[in-house]
Amino acid sequence: MSDEKQVSSSFTSMASEGSDVEAPEIGIGMLGYAFMGKAHTNAFKKIPYMMYPPVAIPKLVGLAGRNQSAVEAAAKRYGYANVYTDWRDMLANDDIHVFDNGGPNDAHAEPSIAAAEAGKHVFCEKPLARTAEEAKTMLDAVEKAGVKHMVAFNYRFVPAIQQAKKLIESGKLGRIYHWRAVYLQEWGMDKEMPTSWRFQKDVAGSGALGDLGAHIIDLARFLVGEPKAVSGLAQTWITERPDGSGGMVKSDVDDGFVALLDFENGALGTVEATRFAQGRKNFNSFEINAENGTIQFNLERLNELNVFWKGEQPDTTQGFHNVLVTEAHHPYWENWWPHGHTIGWEHSFVHEFHHFFNAIVNDEDVAPYGATFVDGYRNAVICDAIIKSSETRQHVDINY
């Protein structure tokens, strides 16, 4: 039996003894400490007392980053016990059970594969990889190792989106005809902003497509189903950016894209993402039009779901209903506040990691509600197809 299997078995045995037994500790080794490092650590710290009783207690064992002083400062701030400037050294720590990869996109594949081979469960930020080919190597590695694996498509774990999923699964909406989604931000429009890895194709793989579009492509698959073909257009409006030292460097990723989706179930879809939407801060919105109604969601009002039902009396109740998804019977709300007391963006990570830890401790499937490396790979296939369609000006079939 491998070390990983022994760890999982001990977790399972402790969890199965009853709610009066203290939850097992699960050691975290995280690569990266910036935006996502802060979001993930915030979730780790909240889980033990908010997702109560906790299925596991996250133990902040190691933090890895390239800059010694910066990673030391982050470890002090967040409370990680050990600091590493080489993720390989961190993976050698036997107290680490979960490898949390929050590094740039070009640092997703090699460390995640090594972690799986070392028997660590792997959680990786999105997009899973820069290309579908690279994502497939990661999927093959975690499946061969037999470890749990998850991609950070955290919007699946927003209560209102989970509620939309429940409505679809119940059959109440009936057949779905349309999926319409946009993810709009404005921060990429500043020509004077120094470049970052997000604008470099060799590091990021793509631009707005992988950064923002991957989220709404995942939600399309999560809520509607598999696309069988795409037609896309992508554009780069700023081709050079300041390098931070007085020079200029090439910017070779998409600044924005639009795509049509042809779903296997007959639904039609559109997805659009950009970093060039003046005035839009984090506008992630979708609408589903179905046989018996419509669902509309906007991340900037994430506690709300707008729902229209066919057949309501036109002189009384017909129209869109704004549902405040904060009732005790709504997804995850038994862990939070009385109805009407809203939660925020960061809480999606709490739900997401709680789900992942439960899969590890109780040997349950991460799918279908959590995004596995299968979902990450399929997402990358679709992203690659959109780029190919834009380059060739042709409709492209999706082949996994």
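Here, each number is a calculation from the coordinates, and none is a lab measurement. In this text, all values refer to a predicted model and were calculated from it rather than measured experimentally. As a convention, Cβ positions derive from the backbone with ideal geometry for all residues, glycine included, and neighbour counts pool all protein chains shown.
Quick rundown of the values:
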{"quantity": "Unmet criterion (only one of (1) small (G, A, S); (2) over 9 Å from F373 (Cβ atoms); (3) in a helix (DSSP H, G or I)) for A129", "calculated": "(3)"}
{"quantity": "Any hit, region 377-397, residues being free of Cβ contacts under 8 Å to residues at least 40 places away in the same chain and of a type in the set (D, E)", "calculated": "yes"}
{"quantity": "Single match in I216, I113, I168, I161 (criterion: within 27 Å of F308 (Cα to Cα), assigned to a helix (DSSP H, G or I) and touching an Asp or Glu at 6+ places or on another chain (Cβ under 9 Å))", "calculated": "I216"}
{"quantity": "Qualifying residue in region 121-130 (condition: of a type in the set (A, V, I, L, M), touching a residue at least 24 places away in the same chain (Cβ under 8 Å) and closer than 20 Å to I28 by Cβ)", "calculated": "yes"}
{"quantity": "Residues (assigned to a loop (DSSP other than H, G, I, E, B), among the aliphatic types (A, V, I, L, M) and either over 20 Å from the mean Cα position of the chain (by Cα) or over 20 Å from A43 (Cα atoms) (or both)) located in region 296-341", "calculated": "V325, A328"}
{"quantity": "Residue list for region 282-325, filter: in contact with a Gly (Cβ under 9 Å, 6 or more places away or on another chain) and touching a residue at least 60 places away in the same chain (Cβ under 8 Å)", "calculated": "A290, E291, N292, G293, L302, N303, V307"}
{"quantity": "Selection from region 383-400 of residues that are assigned to a helix (DSSP H, G or I), out of contact with any Ser or Thr (no Cβ under 6 Å at 6 or more places or on another chain) and of a type in the set (S, T, N, Q)", "calculated": "S390, T392"}
{"quantity": "From the options A380, A359, A367, residue that is of a type in the set (A, V, I, L, M, F, W, C), outside any helix (DSSP H, G or I) and under 22 Å from N101 (Cα atoms)", "calculated": "A367"}
{"quantity": "Qualifying position, being within 30 Å of T239 (Cα to Cα) and either touching a Cys at 6+ places or on another chain (Cβ under 8 Å) or not acidic (D, E) (or both), among N265, N306, N282", "calculated": "N282"}
{"quantity": "Filtered residues of region 202-241 (kept if charged (D, E, K, R) and in contact (Cβ under 8 Å) with a residue 60 or more places away in the chain)", "calculated": "D202, D211, D218, R221, E226, K228"}
{"quantity": "Selected residue (criterion: farthest from A152 (Cα to Cα)) from residues of region 358-400 that are among the aromatic types (F, W, Y) and in contact with a Phe, Trp or Tyr (Cβ under 9 Å, 6 or more places away or on another chain)", "calculated": "Y400"}
